[in-house]
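Okay, so here's the structure we're looking at.
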Amino acid sequence: MALYRDPNDKRVFVPKRGGGVALNFGHPIAWVILVCTTIIPLAIVIGMTIAVLA
């Protein structure tokens, strides 16, 4: 899997050759999207697991 990073490209979502889209990690919004879709849900799951086991 290749990562796309071009700070000069103003698009956040860039079309891929095979179809679909990729995030442009040269754009700061892409990092916000990554955090919101991975780290925050993971923190919620860990927090709920700790609360249930305590």
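The values are calculated or read from the model by the stated rules, or taken from the named source; none is laboratory data. Source: prediction; values computed, not measured. As a convention, Cβ positions derive from the backbone with ideal geometry for all residues, glycine included, and neighbour counts pool all protein chains shown. We work out accessible area using only protein heavy atoms, side chains counted, and drop any ligands, DNA or RNA first. Shrake-Rupley method; radii C 1.70, N 1.55, O 1.52, S 1.80 Å.
How would you order 29-35, 17-23 from highest to lowest mean count of nearby Cβ atoms within 10 Å?
29-35, 17-23
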Estimated Rh, the chain: Kirkwood, alpha-carbon pairs, angstrom: 13.0 Å
With every protein chain in place, the chain: carbon and sulfur % of accessible area (1.4 Å): 72 percent
Virtual spin-label span in nm between residue 31 and residue 44, 7 Å along Cα→Cβ: 2.4 nm
